[in-house]
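Any read-out appearing in this document is the output of simple, stated calculations on the displayed coordinates, not a laboratory observation. Only a predicted model underlies this, so the values are computations on that prediction, with no experimental measurement involved. Reconstructed Cβ throughout: ideal geometry from the backbone, glycine too, with neighbour counts over all protein chains shown.
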């Protein structure tokens, strides 16, 4: 069965701290895609990254970085030097015929 | 341009009303989606359209009726809703179904009284 687990329900940090959001997935497929989405209080889900199962290179985009490890079925997301604007719910997702979302991690960044 | 637009932003309706939610994208995407999201939960897929044809219906009650008039537009017709249908309704689109990233609209916050 396909499943995505985000064990951290809520994380609170102070601005400028680094924070890592964990994502563990289960799938029997050899080809699959993983995603991260951000949902700020306004409600719109914002696409952050898509990673296919054959590409294990880590990715960095500004203050954001992603660590994909097939050996542990994890696709973790790190925000460096967090800012108040990073406060949101972050969803990890796995693609099947449809997107399978984790339960989300609420990140609160305090000034 | 990765914009998906949705109207209205907010909707309050009684249980006997008929209303429609609208979604539009101009990215040339051939797959469009409706999701329902309750507070503090992930989005739940309702319907998927691929090349203007309904390809997935996640056993959604018939009081929700989707329509895809053309490749850019997606509607969700609402009739005889229940208070438990109150939620954020999100539309999304992607190049095609499966494996492509989905781009979401801002959602319609629906309250059924």
Original post:
Whole number please: convex hull volume per residue of the Cα set in segment A:50-111, in Å³?
Top reply: 100 Å³
Subject >> Three semi-axes of the equivalent ellipsoid, the protein assembly as shown, Cα gyration tensor, whole Å, largest first >> reply: 30, 21, 15
Original post:
Got a sec? How would B:21, B:73 order by Cβ neighbour count within 10 Å, fewest to most?
Top reply: B:73, B:21
Original post:
residue B:55 label point, 7 Å along Cα→Cβ, cut-off 13 Å on backbone N: hits in segment A:91-111?
Top reply: A:96-99
Subject >> Modelled FRET efficiency - R0 22 Å, residue B:79 with residue B:38, Cβ distances, 0.05 increments >> reply: 0.60
Subject >> Global size of segment B:32-107 as Cα Rg and Dmax, reported in angstrom >> reply: 12.1, 35
Subject >> At q = 0.13 Å⁻¹, base-10 log of I(q)/I(0) for segment B:1-70 (Debye sum, equal scatterers on each alpha carbon) >> reply: -0.44
Original post:
Quick one: if you stick a label point 7 Å off each Cα along the C-beta vector at residue B:27 and residue B:7, how many nm between them?
Top reply: 2.1 nm
Original post:
What distance in nm separates the simple spin-label points at residue B:18 and residue A:18, each placed 7 Å from Cα in the Cβ direction?
Top reply: 5.9 nm
**OP:** For chain A, state what percent of all Cα-Cα pairs lands in each successive 5 Å bin, counting from 0 Å until the bin that includes the largest distance.
**Re:** 2, 12, 24, 25, 19, 10, 5, 1, 0
Subject >> GNM result for chain A, Cα springs below 10 Å: residue of A:50, A:63, A:28 fluctuating most strongly >> reply: A:28
Original post:
Hey, in the GNM for chain A with a 10 angstrom Cα cutoff, which one of A:72, A:27, A:80 fluctuates hardest?
Top reply: A:72
Original post:
At what distance in angstrom do the alpha carbon centres of segment B:81-108 and segment A:1-41 lie from each other?
Top reply: 19 Å
